[in-house]
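Where a number appears in this text, it was derived from the coordinates with a stated rule and is not lab data. The structure displayed is predicted, hence computed values, not measured ones. Cβ placement follows ideal geometry from the backbone for every residue including glycine, while neighbour counts extend to all protein chains displayed.
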Amino acid sequence: MGYISLWPILVLALLHFFGSKLRFLAGVPRSIWLSGAGGVSVAYVFLHLFPELHEGQEHIEEKASWAVTFLQHHVYLMALVGLAVFYGLERSVVSAKRQQVQKDVPQEQVPSSGIFWLHIGSFALYNALIGYILFHREEGPREEMVLFTIAMALHFLVNDFGLWEHHRERYRKYGRWVLVLTLVLGWAVGYLMEVPETIVVLLIAFVGGGVVLNVLKEELPEERESRYWAFALGAASYAILLLAL
């Protein structure tokens with residue numbers, strides 16, 4: 001067990017390494033491919049990940065200890081936490097960037113090194129969780145692992161361009177390597193040790209909330225001139241596929 005999910009983790013790692021080099025996806029108005037990719041990943045969260053949480057809720061109610069009793073009826077609280085955490089990070093990066101621009105700091109130095117590592121560190125944890133969840137997908141039908149891999153691959157593409165726009169060369173030199181390593185590390189943790197199912201359910205909820213926020217924050221800013229029709233088409237197409245299987 002473990003070798004089946006090895007090829008998907010390699011696909012995701014390679015996408016992180018080469019994703020931001022796909023220059024045809026950059027620029028304004030926003031690429032229809034990035035908007036479509038965001039729609040696909042959001043559709044997966046709402047139609048596949050969140051329904052899993054309903055089943056996981058039952059497991060938590062049966063197995064939760066007194067320390068996590070407050071989660072027995074609030075597994076979606078972790079999804080809210082994931083969304084709130086990444087919203088807070090995004091606001092801190094945007095604020096720092098605005099302040100340094102006002103001080104005429106060169107573009108390649110915006111934002112500061114401290115904010116860069118905070119941002120990358122948070123996405124590193126996010127990637128490690130996704131790597132572990134991908135390994136966990138081996139326990140279910142193969143098509144579930146494939147659907148998860150496709151959705152996360154497109155989501156990573158969206159994330160890569162968002163991080164590159166914020167951090168530029170710092171992301172190319174350091175950030176993408178950190179994200180690749182932590183993605184593989186998360187998968188390796190799943191291979192080497194077993195985490196209780198209760199924890200897995202909570203991790204899935206946290207990642208689900210993070211995916212929703214990280215997609216929408218790239219689509220909503222007016223200056224990006226995002227293509228709503230591409231986002232909607234991506235979401236609708238993947239939703240139809242998920243409902244048909």
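Of the residues making up region 7-21, those that are touching a residue at least 40 places away in the same chain (Cβ under 8 Å) and out of contact with any Asp or Glu (no Cβ under 8 Å at 6 or more places or on another chain) are Pro8, Ile9, Val11, Leu12, Ala13, Phe17. Suppose the filter is surrounded by fewer than 14 Cβ atoms within 10 Å (Cβ to Cβ) and either out of contact with any helix residue (DSSP H, G or I) (no Cβ under 6 Å at 6 or more places or on another chain) or over 24 Å from Leu118 (Cβ atoms) (or both); does Trp229 pass it? In short, yes. Scanning region 151-180 for residues that are basic (Lys, Arg), touching a residue at least 60 places away in the same chain (Cβ under 8 Å) and surrounded by fewer than 19 Cβ atoms within 10 Å (Cβ to Cβ) yields Arg168, Arg172.
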